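The values are calculated or read from the model by the stated rules, or taken from the named source; none is laboratory data. Since we're looking at a predicted model, the values are computed, not measured. Ideal geometry is used to build each Cβ from the backbone, glycine not excepted, and the neighbour counts take in all protein chains shown.
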Amino acid sequence: MPTFHGDDLHRIASRVLQGAGVSPEDASIIAEELKEANLVGHDSHGVIRLMQYVECIDNGTFRPDGVVECISEGPSYAVFDANFNFGQVAVTKALDHGLALARTAGTATIMVRNCNHVGRLGSYSHRAALDGIASVMSVNSPGAGGVAPFGGIERRLGTNPISMAAPTPRGPLVLDMTTSTSAEGKLRVAFQKGETVPEGWIIDAEGNPTTEPAKFYADPPGSLLPLGGALGFKGSGMSMMIDVFAGILSGSGVCRDDVPRGANGVWMYFVDIEKLLPSDSYNEMLDRYYSHIKNCKKMPGYSEILMPGEIEQRRRQQRIEQGVDVADETWRQISELAQRLNVDLDH
Ligand SMILES: NC(=O)c1ccc[n+]([C@@H]2O[C@H](COP(=O)([O-])OP(=O)(O)OC[C@H]3O[C@@H](n4cnc5c(N)ncnc54)[C@H](O)[C@@H]3O)[C@@H](O)[C@H]2O)c1
């Protein structure tokens, strides 16, 4: 399995994307998100996505020349239309706008319609937190998605993730989670490695539990289950409300069969903490809260309690030092793609 430094992953992703027609500036934004996903350990959202992204450019789902435009704005809100450009490009622009609005208005609501895959949602909320802004954001995918609603056996929902982040003196707290048992990309990674997935994640087309990702990708396809197991109505309900907030309130829509894999909707809400309370008081409360959680007595088999986002930052440090292993099959596909696009990955 080849191992790469973050800089190498950025260069590889940026070159492939430029070879597929993305501008150097946008390719760099997307490559940064892919690289960071690999570094924090979410390989499902890293360079493995390059094949899918280029295929989507080729079939017209992703439009790298789509202009990301602000179509409506008030003192504390804005609506962007991404015109089917990359989600990373659209959300990066919308995020900057939201942070600026929140700094003047105290809070800001930003909607993005008609964008494509945004990658790891927690990357954007983490960035807001580094800027001193707390945030809640979510993204929906319209159309069939990959997730069955609680009690169903057909795909009706997306994996519809939600992220909440807050700055702290020890670094941002970042919750970033799907409302399904897993991100679809984790199935893709397991499928490419020929591995099974944990019990309770997926069902086959007839609704039987299975651990084989091939059954999810079969024809007819299987489905991911909503988060919560026997209490899956909670994940299912949350996913439906994300369809309402990120999909319908953004104007992106749901159940669109004209763009079965594109047109994600994004909802972002920002809070400038300093407008609400003095930062000393905020930091002091968070510090006490951190100890309150960390000092909890542990269950057998648990040596510590992790805060949201802590595991990603630990993996990031480790992968910066040791590099990122890219699965042989993923690297074979990237090399083949680069060759087809006539792209030199080395120099
Ligand atoms: N763009 C999209 O359409 C899309 C769709 C689905 C998922 N995603 C992304 O996929 C990624 C993976 O999502 P996921 O739900 O599979 O993530 P996950 O299950 O690995 O982690 C979810 C959350 O739990 C925390 N966590 C993980 N292990 C923990 C532990 N042992 N103790 C305490 N906290 C822990 C993590 O910090 C994270 O905040 C996310 O970045 C998400 O944004 C994106």
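Some notes on this structure:
- Test: residue in region 154-164 that is buried (at least 23 other Cβ atoms within 10 Å of the Cβ) and more than 10 Å from the ligand (Cβ to nearest atom): yes
- Residue within region 190-203 that is of a type in the set (D, E, K, R), in contact (Cβ under 8 Å) with a residue 12 or more places away in the chain and either under 19 Å from ASN116 (Cβ atoms) or crowded, with 18+ Cβ neighbours inside 10 Å (or both) present: no
- Inter-residue pairs, beta-carbon under 6 Å, first in contact (Cβ under 8 Å) with a residue 60 or more places away in the chain and in a loop (DSSP other than H, G, I, E, B) and in region 291-312, second of a type outside the set (Phe, Trp, Tyr) and surrounded by 10 or more Cβ atoms within 10 Å (Cβ to Cβ), 6+ apart: MET307/LEU173; PRO308/LEU173; PRO308/VAL174; PRO308/LEU175; GLY309/LEU173; GLY309/VAL174
- For SER252: the one exception among (1) without any contact (Cβ under 8 Å) to a residue 60 or more places away in the chain; (2) buried (at least 23 other Cβ atoms within 10 Å of the Cβ): (1)
- Test: residue in region 313-323 that is outside any helix (DSSP H, G or I) and either exposed (fewer than 15 other Cβ atoms within 10 Å of the Cβ) or more than 16 Å from the ligand (Cβ to nearest atom) (or both): yes
- Just one of the listed residues (LEU187, LEU175) is outside any loop (DSSP other than H, G, I, E, B) and closer than 27 Å to THR109 by Cα, and it is LEU175.
- Here GLU304 fits the description: charged (D, E, K, R), farther than 17 Å from VAL136 by Cβ, in contact with a helix residue (DSSP H, G or I) (Cβ under 9 Å, 6 or more places away or on another chain) and at pLDDT 95 or above.
- Leading residue by the ranking (nearest to the ligand (Cβ to nearest atom)) among those in region 170-206 that are touching a Leu at 6+ places or on another chain (Cβ under 9 Å) and of a type in the set (Val, Ile, Thr): THR178
- Checking each residue in region 293-312 for being exposed (fewer than 10 other Cβ atoms within 10 Å of the Cβ) and within 10 Å of the ligand (Cβ to nearest atom) picks out only GLU304.
- Among the residues listed as ALA134, ALA108, ALA128, the single one being surrounded by 21 or more Cβ atoms within 10 Å (Cβ to Cβ), touching a helix residue (DSSP H, G or I) at 6+ places or on another chain (Cβ under 8 Å) and part of a helix (DSSP H, G or I): ALA128
- Region 324-345, residues that are surrounded by 13 or more Cβ atoms within 10 Å (Cβ to Cβ), under 26 Å from the mean Cα position of the chain (by Cα) and in contact (Cβ under 8 Å) with a residue 12 or more places away in the chain: VAL324, ASP325, VAL326, ALA327, GLU329, THR330, TRP331, GLN333, ILE334, LEU337, ALA338, LEU345
- Qualifying positions in region 36-79 - touching a residue at least 60 places away in the same chain (Cβ under 8 Å) and aliphatic (A, V, I, L, M): ALA37, LEU39, VAL40, VAL47, ILE48, LEU50, MET51, VAL54, VAL79
- Residues satisfying the stated conditions in region 3-47, i.e. more than 23 Å from ARG127 (Cα to Cα) and either within 13 Å of the ligand (Cβ to nearest atom) or part of a helix (DSSP H, G or I) (or both): ILE12, ARG15, VAL16, LEU17, GLN18, GLY19
- Unmet requirement for ASN208, which otherwise passes all of (1) under 21 Å from the mean Cα position of the chain (by Cα); (2) of a type outside the set (A, V, I, L, M); (3) over 26 Å from ALA100 (Cα atoms): (1)
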